[in-house]
1. With the Cα gyration tensor of the range B:2-100 giving a ≥ b ≥ c as the square roots of its eigenvalues, does the rule (a/c under 1.5 for rounded; else a/b larger than b/c for prolate; else oblate) give rounded, prolate or oblate?
2. Output the 0 to 90 degree angle, nearest 10, between the alpha-carbon long axis of helix A:2-26 and the longest principal axis computed from the alpha carbons of chain A.
3. The range A:17-173: percent of C-alpha pairs farther apart than 26 Å?
4. At R0 = 51 Å, how high is the FRET efficiency between B:I480 and B:V219 if r is their beta carbon distance? Nearest 0.05 is fine.
5. Rounded to whole Hz and in sequence order, give me ³J(HN,Hα) for the range B:54-63 from the Karplus expression 6.51 cos²θ - 1.76 cosθ + 1.60, θ = phi - 60°, writing x for Gly and Pro.
6. Residue-wise, which Karplus ³J(HN,Hα) couplings in Hz belong to the range C:42-54, taking 6.51 cos²θ - 1.76 cosθ + 1.60, θ = phi - 60°, and x for glycine or proline?
7. Inside 10 Å of the C-beta atoms of B:222-235, what's the mean count of C-beta atoms belonging to other chains?
8. Which of rounded, prolate or oblate describes the range C:1-85 when judged by the alpha-carbon gyration tensor and an a/c cut-off of 1.5?
Amino acid sequence: MIHENVLLLSLVLMAGVLFAFVYVFIHSTKLEQDYASIAKNSYSKRDKLFGFIIIAGVLIAIGTTRGLPYGPHNANAKQIDVIGKQWYWEISDTTATVNQPIIFNVGSADVNHGLGIYDKDLRLLTQVQAMPDYTNKLAYTFKEAGEYKLMCMEYCGLVHHSMISTFTVNDEG
Amino acid sequence: MSPLQPLNKSARLAILCYVGISAIVFLLMMIVGLVMRASQAQLIGVPPQFFYQLMTAHGGSMIVTSGLAASAVLWYFLRRYTNLYTPILWINLGLFLTGVVLILGSIFIGGFAGAWTFLFPLPSHGLGIWSTGAATAFIVGLLLIGVGFLIFYLEVARAILKEYGSIPKALGWPQLFKNSSDTMPPATIVAGTMVFIVNILGILAGAVVLVLILINLYVPRFEVDPLLTKNLTYFFGHVFINATIYQAVIAVYELLPQYTGRTWKVNKVFLAAWTASSLMVMAVYPHHLMMDFAMPSWMAISAQIFSYANGIPLIIVTAWGALTIVHRSGIKWDAASLLLMIAIFGWSAGVIPAIIDATVAVNKVMHNTLWVPGHFHFYLLTGLVAMLLGFMIYMINGDDQSAPINPNKPIDVKPMTAADTSAIWVYTLGSIGFSMMFLISGTASVPRRWAEHFPEWIVYSQVATVFGSFIVLAMLILVIKIVIRLPKARTL
Amino acid sequence: MIERIFWIFCALAYSLFAINTNFEASMINNVLIAYTLLIYCGWKLGSSFDIEQHWLNKLSNYKGIAGVLIASFTLAFWMIPNWMELAASNTQIQLIKHFSMFTLVGLPLGLSWSQSNFVIRGFVKIELLSMLLRLGWIYLISPTRLCNIYSLSEQALLGKALLSLAVALTLYYLYPLFVDQNDRAKKLTPGL
Ligand code: HEM
Ligand SMILES: [Cu+2]
Ligand SMILES: [Cu+2]
């Protein structure tokens, strides 16, 4: 799942940074008079690192900016209107079937809210902001039948943490 | 460069006030943070309403106090190269304190709990829990603090421009783009210039939204666009908090050379990095708006790309530079230099989860989860605050006579006491552990800004509370030391 | 002396003209032309006095701060649609508006500007920019008429005009900071 991979990638990279610092820290108290050659050596390594980061960054950026969630959207999808209110969700339909493309038309009647869709294991599947005056279209297709939770993802006042609704996904047929 | 003149009495007193006040506020607000985490862990009972008040106070005070402490670092080193006008320090402090009193009053007397990001139109939707008056006090308080900082950065701009003539010269553009052989501007000047540019623009954006929200509170027919306010709010917030680090890092540029007896040369790479950072720190803010699908999608894409790129100057210039200057330097570590080095680690490591979250596909499942406080506590606690503590300890550790006049001459180090050593390492491990628990909670999809957590999530908060108490304990030792020794702080 | 009378005369002439015609029935005329003209006259009048060494000035208008503040507050006041509306429907209020633009915005600015320094000027400029941005924005997006006497399309036009002015002024203020002061005979950024 993407969640764990993100954590794993962060940990690996952070460990790399940590390694560099620990390495230098351990060697810091010994004195090497010839700073010029240390600097030269270090900066040539740095140029390599720089090149590597640029190439990796460009590849990752290209790879990850495909299939963005902003549309255009499937015109035949089932439309469900979701309006956030302090502090509940007003949902035009709380059911769907597996593999049925859905577009949530998300807005708000008062302040900023955020619509987060959680599965039964409390895992965030997707989300979108719910704001007054705008309708954000969130496309999602459920792959598994079951009970889902719609929870508020943007701080909206004192009952923000209880702004939760359920959403049921049924098997096909 | 002419030899250093001692700080004038008034400026020294003001700087020490900045240091003392921010050290104490940091400590108090960390305790507030610990209370929040302990309440999420269900170790103590805090009613949701009070939790959100605490959250507003913690977020708001931490941000503005970081600004205050960081501005002290900037001023302290900038005065070595320019003539700064001392009364500005006092005006800024006066407005700051007035603003903080208003903000705390609005929260703890008026019940305001709209979070420090005051996202429109939440301030006017207190639903009887907070009044229009309380929201007004909060906004006016922030405005006053903004005015103080505006005056401060205008003075920084004036002083730098007077000495260096123009923004391009202060940023070293002739050397960078025209191969000019003039001497490079010092790192402090380059950083100071970047900071005054972005902060003046950031404060302008903040002043525009805050007053609009204020007008709208009283005259609702003056409508305000919620998406545009969101843009301006995040522009202001992002720029302001990032600029604190760009000021605090001046202490690293200035002090590590003194500790190692080596020079940190300003070269073209350095200049290019800072110019690029100035632009990018203003261009990346839409990464806070990736889940606002009504935004033009090119903004999300450009925010992702700029966010990736924004990390490069930091890693390549500051982190690598710090590592190089320290490597086999024979440095004798003391509390200040150790904290500065740890801070560079915290900053570099902390931006990694930040950058990853600036990927649209990741943001979809991480935005507004505890991943977000995870990455920013990492680079604020292990990075920014450690850097500021390093500066503070540097200030209190020097005694007047032995302070080095020549900035390139090795500094005389104060050996660390056992209390110093243990406080620093406990602080470091505590803050890494605490932030990691936020990151892990984010991986488990725990939303941020929830006063009450599901039972499944409580274990994360409990472990985090343990780490948090380590931080508070270590901070207590460091802050006591700093405050007690303030009167004997260096005069140079 | 002649110069001072001239500027007072200009302001009076404009005021008479505006009261007797429909000139201020257009929002753009009202905000962009009327305000600018009256402020300019007052400014010119103010800057013809050399009061810096006067004890009263030293006492009350240190570095021109008081004058600059009076001017900003008055100007902000007359940007609020409610008051603009009132002034448009009532000749006395209209006169008060003209009078205060001249004596409470232009004049104090003229008296104070030369005494002020980089920081104070910068502050005023930022304040001016943020005011233009706020108002331009409100006027532009408001779906209803904020002043009953002006049409919606004109309101939006004024909004655009104010925003464009803000952008132009930003560039105008920034330009000198990018040009080396020492390379120029004339100092572009006074008060450093
Ligand atoms: C012992 C140290 C600290 C502890 C225990 C702590 C704890 C917390 C907690 C529990 C939250 C709320 C998380 C959530 O559920 O959304 C929070 C938010 C926050 N903290 Fe801290 N924190 C600490 C240090 C800091 C520092 C040093 C800074 C800045 C310099 C900081 C800045 C913030 C900000 C800006 C927020 C966001 C507030 C909001 O969401 O409105 N914290 N902190
Ligand atoms: Cu909500
Ligand atoms: Cu909410």
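Rule-based calculations on the coordinates, nothing more; no lab input. Remember, it's a predicted structure, so these values are computed and weren't measured experimentally. Cβ atoms come from the backbone with ideal geometry, glycine included; neighbour counts cover every protein chain shown.
1. Details: a/c = 3.94, a/b = 2.93, b/c = 1.35.
Note, shape of the range B:2-100 comes out prolate.
2. Once rounded, one gets 20 degrees.
3. Counting pairs separated by more than 26 Å, the tail of P(r) holds 49 percent.
4. Working from the Cβ atoms, E equals 0.55.
5. 4, 4, 5, 5, 4, x, x, 5, 4, 5
6. Those phi angles translate into x, 4, 4, 4, x, 6, 7, 9, 10, 9, 3, 8, 5 Hz.
7. Numbers: counts 11, 8, 6, 8, 7, 6, 2, 2, 3, 0, 2, 0, 0, 0.
Averaged over the peptide's residues, the number is 4.
8. Because a/c hits 1.5 or more and a/b fails to exceed b/c, the range C:1-85 counts as oblate.
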